[in-house]
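A short write-up of the structure that comes next.
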Amino acid sequence: GKHNLIDAEHWYFRLNSEYKTRNAYVYQELPIFSASKPSFFMVDPRDQRGINCRFGMQGVIAETHYDSTRNFIVLLGGERRYILAHPRECPHMELYKQGHPSGRHSAVDWSNPDIKKYPNFAKAQVNEVILQAGDALYLPTYWFHY
């Protein structure tokens, strides 16, 4: 029979490395992210919070949210669709209230938005991009992504 991806187990792997820990080898492999001097990636080295590498398999999604750090998305294989929104779209994103465990996330299910429940969401302007194996996408601070 046909494999049902929705019912299959999904795995997500995260590697975190802070500059002065036993995991600092990530900085040796990716020196562009070094916290030793200011750069495009590290505006204020005193504020560095480490490198987070996340690996997800087919079918894994991250609900719509923003990050307070810069991100690069690199696709190692296959295709992946991203929907992005500029931070100025925040009033339309229907965020959970501050202090909520998902406070940086949109309450709207972007795969099936309920416009009656979230009428401001209909005003949101977004961009769609489809990444293919070998593509990289720079995601600036505070951009919404799904």
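Quick look at the numbers
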read-out	value
Residue within segment 111-125 that is crowded, with 16+ Cβ neighbours inside 10 Å and touching a residue at least 40 places away in the same chain (Cβ under 8 Å) present	no
From the options R80, R54, residue that is of a type in the set (K, R) and modelled with pLDDT of 85 or more	R80
Residue under evaluation G103, criteria (1) without any contact (Cβ under 8 Å) to a residue 60 or more places away in the chain; (2) closer than 13 Å to W143 by Cβ; (3) open to solvent by less than 40 Å² (accessible area, probe 1.4 Å), criterion not met	(2)
When residues of segment 57-72 are limited to those that are outside any loop (DSSP other than H, G, I, E, B) and at pLDDT below 85, the one most open to solvent (accessible area, probe 1.4 Å)	F72
Checking G134 against (1) open to solvent by 40 Å² or more (accessible area, probe 1.4 Å); (2) in contact with a helix residue (DSSP H, G or I) (Cβ under 6 Å, 6 or more places away or on another chain); (3) in a loop (DSSP other than H, G, I, E, B), the condition it does not meet	(2)
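The values are calculated or read from the model by the stated rules, or taken from the named source; none is laboratory data. All figures in this text were calculated on a predicted structure; none of them were measured in a lab. Positions of Cβ are backbone-derived with ideal geometry, glycine not excepted, and every protein chain shown enters the neighbour counts. Note: accessible area is taken over every heavy atom of the protein model, side chains too, but ligands, DNA and RNA are not part of it. Shrake-Rupley method; radii C 1.70, N 1.55, O 1.52, S 1.80 Å.
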